[in-house]
Amino acid sequence: MTIKERVKLYTTKAAIKSALKVLPKISDERWLSIIKGRVYRLKKKEERDFLENLLVNLKKAIVNMAPSVREKVVMNLINNAMVQGQPKRKAFAEKYGMNPPNHLVISPTMKCNLRCYGCYAWQYGKKDDLPYDVCNRIIKEANDIGLYFFVITGGEPFYWDKLFDFLERHNDSFFQIYTNGTLIDKEVAAKLAELGNAVPCISVEGFQKETDERRGKGVWDKIMQAMDNLREAGVLFGYSVTATRANNELVVSDDFVDLFVNKGAFIGWYFNYIPIGKEPDISLMPTPEQRDYRRKKILEIRQTKNLIVADFWNDGPLVNGCMAGGKNYLHINVNGDVEPCVFVHFAADNIKEKSLEEVLTSDFFMAFRKRQPYTENHLRPCSIIDNPQVLRDAVVEGSAYATHDGAETIITDLAKDLDKYAAEYKEIADKAWEQEYTPDEEEEAV
């Protein structure tokens with residue numbers, strides 16, 4: 001890095017620190033006028049709408065954050081990940097001819113205090129955790145190529161006895177934690193507020209009835225208390241929901257979303273049920289019509305609610321299709337197997353034996369990246385349920401192995417059903433893409 005580049009990064013960091021002090025005092029109207037200039041440089045309307053919604057809600061949330069949380073959001077998630085890491089990302093791109101991912105997911109433990117049907121993580125071994133030195137090396141290697149945002153999942157991350165030491169050790173990175181929420185008492189919330197660099201996203205299935213049916217009696221009450229604890233401590237938090245055929249409409253209803261807005265949630269994550277994990281069941285998948293209904297409701301929520309919402313399957317237009325295989329992210333499971341996606345339980349490499357850079361440039365990961373996007377219609381981004389032949393071909397081409405017993409059923413026993421689903425959804429998604437997303441000449445000129 002040249003002296004000029006170093007000075008520029010230092011100056012930017014100083015400016016961001018100064019802005020941090022006055023940001024809570026800036027009115028929403030003034031903030032919106034400031035960010036519009038950057039937002040409207042984006043050509044795609046959906047990207048502009050999402051980013052504007054994100055930045056406006058982040059500004060509102062900052063007022064109620066604990067001081068350490070406020071600092072880490074701005075300095076780690078914005079300064080480190082989006083500014084200071086750029087020279088490292090540029091060096092990686094020049095070396096390999098492709099960009100590194102912008103985040104990665106790690107499952108350090110699969111131990112959990114709940115037993116939920118349909119859990120994608122169910123079949124992984126629960127005896128041993130991912131060695132702690134390996135977890136730390138992963139973060140360091142990721143930092144070295146410009147990654148400062150990580151997702152911790154499991155298992156139950158708050159069951160992992162190294163969690164707080166891990167967050168403190170990597171205090172220049174930012175973490176999102178998927179959790180069942182039952183272990184977040186006032187003491188845990190206070191610790192998260194002190195550390196500042198983690199956002200818990202708590203899993204729900206609907207309201208009390210739906211959540212307790214899947215997760216166990218009394219879990220809903222613990223979740224509601226956990227959210228109160230986090231809000232009172234000044235910690236950013238969100239919710240996470242798996243949409244099924246049974247709850248698809250409920251989890252995007254006004255009553256459901258408003259409950260979490262009133263609780264103080266900052267973000268809501270939506271995941272389409274995928275037939276993997278414990279007793280995979282095609283009949284639990286939302287129908288193609290239900291998936292499209294959820295897509296439309298998510299867009300509506302962004303326009304009408306003080307909440308960031310993201311749909312892992314319906315937001316392909318925001319990320320130009322599939323994110324797997326290191327394009328945007330990857331998953332390292334508890335055994336060290338590096339999977340192209342949290343829901344693709346195949347791997348060709350193990351992080352205990354190879355570096356992160358070696359995995360990112362592997363034949364298996366490249367089998368995904370060279371095909372992305374799999375179709376011009378980014379409403380059909382997925383290699384599992386939208387373009388299932390891609391996953392089958394990539395597994396063969398990359399000489400990948402199943403990362404747990406039964407994982408192979410997604411490309412064997414369930415292949416016929418998934419092909420049928422993909423064909424039926426294609427009819428709906430192609431029509432929506434043509435009518436709602438294909439830009440006209442005026443849009444392209446913006």
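The values are calculated or read from the model by the stated rules, or taken from the named source; none is laboratory data. From a predicted model like this one, the values you see are computed outputs, not experimental measurements. All Cβ positions, glycine included, derive from the backbone under ideal geometry; neighbour counts span all protein chains shown. What goes into the accessible areas is simple: the full protein's heavy atoms, side chains included, and nothing from ligands, DNA or RNA. Shrake-Rupley method; radii C 1.70, N 1.55, O 1.52, S 1.80 Å.
Points worth noting:
- Scan region 358-378 for residues that are touching a strand residue (DSSP E or B) at 6+ places or on another chain (Cβ under 8 Å) and charged (D, E, K, R) and the total you get is 0.
- Counted residues, region 330-372 - those being out of contact with any Cys (no Cβ under 8 Å at 6 or more places or on another chain) and assigned to a loop (DSSP other than H, G, I, E, B): 19
- Considering (1) within 18 Å of PRO200 (Cβ to Cβ); (2) open to solvent by 20 Å² or more (accessible area, probe 1.4 Å), the lone condition that MET65 does not fulfil carries the number (2).
- Region 255-291: number of residues that are part of a helix (DSSP H, G or I), open to solvent by 30 Å² or more (accessible area, probe 1.4 Å) and farther than 22 Å from ASP228 by Cβ: 4
- Qualifying residue in region 153-168 (condition: among the aliphatic types (A, V, I, L, M), modelled with pLDDT of 95 or more and surrounded by 15 or more Cβ atoms within 10 Å (Cβ to Cβ)): yes
- Within region 68-78, the residues that satisfy the criterion of being of a type in the set (A, V, I, L, M) and open to solvent by 30 Å² or more (accessible area, probe 1.4 Å) are LEU77, ILE78.
- Residues located in region 343-364, provided they are in contact (Cβ under 8 Å) with a residue 40 or more places away in the chain and open to solvent by 20 Å² or more (accessible area, probe 1.4 Å): PHE343, ALA348, LYS352, SER355, GLU357, THR361
- When ARG302 is tested against (1) assigned to a loop (DSSP other than H, G, I, E, B); (2) modelled with pLDDT under 95; (3) closer than 30 Å to LEU230 by Cα; (4) not small (Gly, Ala, Ser), exactly one condition is not met: (1).
- Of the listed requirements (1) within 16 Å of LEU104 (Cβ to Cβ); (2) surrounded by 24 or more Cβ atoms within 10 Å (Cβ to Cβ), PRO200 misses just one: (1).
- Residue match in region 135-147 (condition: of a type in the set (A, V, I, L, M), in a loop (DSSP other than H, G, I, E, B) and under 30 Å from ASP281 (Cβ atoms)): no
- Hits in region 400-410 (condition: crowded, with 20+ Cβ neighbours inside 10 Å and not in a loop (DSSP other than H, G, I, E, B)): ALA407, ILE410
- Taken over region 235-281, the criterion of being hydroxyl-bearing (Ser, Thr, Tyr) and within 17 Å of VAL342 (Cβ to Cβ) is satisfied by SER240, THR242, TYR270, TYR273.
- Odd one out for GLY37, checked against (1) among the small types (Gly, Ala, Ser); (2) surrounded by 15 or more Cβ atoms within 10 Å (Cβ to Cβ); (3) modelled with pLDDT under 70: (2)
- Cβ-Cβ distances below 6 Å connect the following pairs, each with a first residue in region 293-319 that is open to solvent by less than 30 Å² (accessible area, probe 1.4 Å), a second residue that is among the hydroxyl-bearing types (Ser, Thr, Tyr), and a separation of six or more residues or different chains: ASP311/TYR270; PRO317/TYR437.
- Looking only at residues of region 365-377 that are surrounded by fewer than 22 Cβ atoms within 10 Å (Cβ to Cβ) and not polar (S, T, N, Q), we find that the one that is farthest from ASN328 (Cα to Cα) is GLU376.
- Residue in region 213-224 that is free of Cβ contacts under 8 Å to residues at least 60 places away in the same chain, among the aliphatic types (A, V, I, L, M), outside any strand (DSSP E or B) and farther than 23 Å from GLU71 by Cβ present: yes
- Pick from region 381-399, criterion assigned to a loop (DSSP other than H, G, I, E, B) and out of contact with any Gly (no Cβ under 7 Å at 6 or more places or on another chain), ranking: surrounded by the fewest Cβ atoms within 10 Å (Cβ to Cβ): SER399
- Subset of region 79-88 (residues that are part of a helix (DSSP H, G or I), of a type outside the set (Val, Ile, Thr) and open to solvent by less than 40 Å² (accessible area, probe 1.4 Å)): ASN79, ASN80, ALA81
- Neighbours by Cβ (under 6 Å, 6+ apart or cross-chain): first from region 392-421, touching a residue at least 12 places away in the same chain (Cβ under 8 Å); second basic (Lys, Arg) and open to solvent by 20 Å² or more (accessible area, probe 1.4 Å): ILE411/ARG392
- Region 203-223 - residue that is closer than 19 Å to VAL252 by Cα and among the small types (Gly, Ala, Ser) and, of those, least open to solvent (accessible area, probe 1.4 Å): GLY206
Results for (1) at pLDDT 95 or above; (2) in contact with a helix residue (DSSP H, G or I) (Cβ under 7 Å, 6 or more places away or on another chain), shown as yes or no for each residue.
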site	(1), (2)
SER383	yes, yes
ASP386	yes, yes
ALA407	no, no
LEU414	yes, yes
LYS420	yes, no
TYR425	yes, yes
TRP433	yes, no
ALA445	no, no
